[in-house]
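Single-structure report; data block below.
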Amino acid sequence: MPNSIIQRTVRWLHHFEDLLLASVLAAMLTLAMIDIAMRLITGGSLIWIPPVLQILVLWLGLLGALLASRSQEHIAIDVISRFVGPLGKKVCGISGSVFAALVCSLVAYFSIVFLQQSIEYDDIAFAQVPAWPLQLIIPFTFSLMSLRFFLHALGYLRIKDYQPNPALKEDSA
């Protein structure tokens with residue numbers, strides 16, 4: 001029972017992440033097309049579109065990194081794990097996941113400090129829109145990535161022959 005609740009919750013979170021990523025991409029494409037069309041037709045565009053596109057690029061990149069960490073398709077240096085046995089692979093998986101979790105935790109922490117300063121100094125992104133709500137994506141994604149890497153480390157520790165993304169194992173076979 002609790003396992004199915006966890007699985008449903010994780011599945012719901014994955015669908016939410018996918019929907020958010022698709023929405024950001026659709027918004028970017030729509031705004032870029034509007035901007036291009038307005039420049040062609042009128043010779044000018046709405047002044048707020050370029051800064052919004054810049055922010056959406058940040059959101060898209062961070063959500064893409066979150067998606068990559070979910071499916072273990074992020075950039076990884078795994079030269080050592082190719083030449084060691086099962087125990088070595090497990091040690092590499094644990095140490096790599098713990099290191100990634102710590103780095104993501106540090107980035108999340110310092111991005112929260114950055115947000116606090118942005119609020120304190122009343123940073124403006126564009127057109128009197130405060131910057132801090134648009135920057136919330138940074139601690140959000142890095143906190144989730146840290147949690148994911150920590151859970152992967154636990155998986156390597158607790159589950160025999162743990163494979164964070166079984167689809168990758170099937171592809172390489």
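No lab work stands behind these numbers, since they all come straight from the coordinates. None of these values were measured; they are calculated from a predicted model. Ideal geometry is used to build each Cβ from the backbone, glycine not excepted, and the neighbour counts take in all protein chains shown.
Of all residue pairs spaced 6 or more apart or on separate chains, those with beta-carbon atoms under 8 Å, a first member in region 28-47 that is more than 18 Å from Leu60 (Cβ to Cβ) and a second member that is hydrophobic (A, V, I, L, M, F, W, C) and surrounded by fewer than 14 Cβ atoms within 10 Å (Cβ to Cβ) are Met38/Leu46; Ser45/Ile34; Leu46/Ile34; Ile47/Ala127. Assess whether Leu134 counts as being aliphatic (A, V, I, L, M) and out of contact with any strand residue (DSSP E or B) (no Cβ under 9 Å at 6 or more places or on another chain). It is false that Leu134 is aliphatic (A, V, I, L, M) and out of contact with any strand residue (DSSP E or B) (no Cβ under 9 Å at 6 or more places or on another chain). Among the residues of region 40-53, those that are surrounded by 12 or more Cβ atoms within 10 Å (Cβ to Cβ) and of a type outside the set (Ser, Thr, Tyr) comprise Leu46, Trp48, Ile49, Pro50, Pro51, Val52, Leu53. Could you grab me the full set of residues in region 41-65 that are under 19 Å from Phe140 (Cα atoms) and of a type in the set (Phe, Trp, Tyr)? Answer for region 41-65, where residues must be under 19 Å from Phe140 (Cα atoms) and of a type in the set (Phe, Trp, Tyr): just Trp59. The residues on offer are Ala153, Ala127, and the sole one that is surrounded by fewer than 18 Cβ atoms within 10 Å (Cβ to Cβ), in contact (Cβ under 8 Å) with a residue 60 or more places away in the chain and among the small types (Gly, Ala, Ser) is Ala127.
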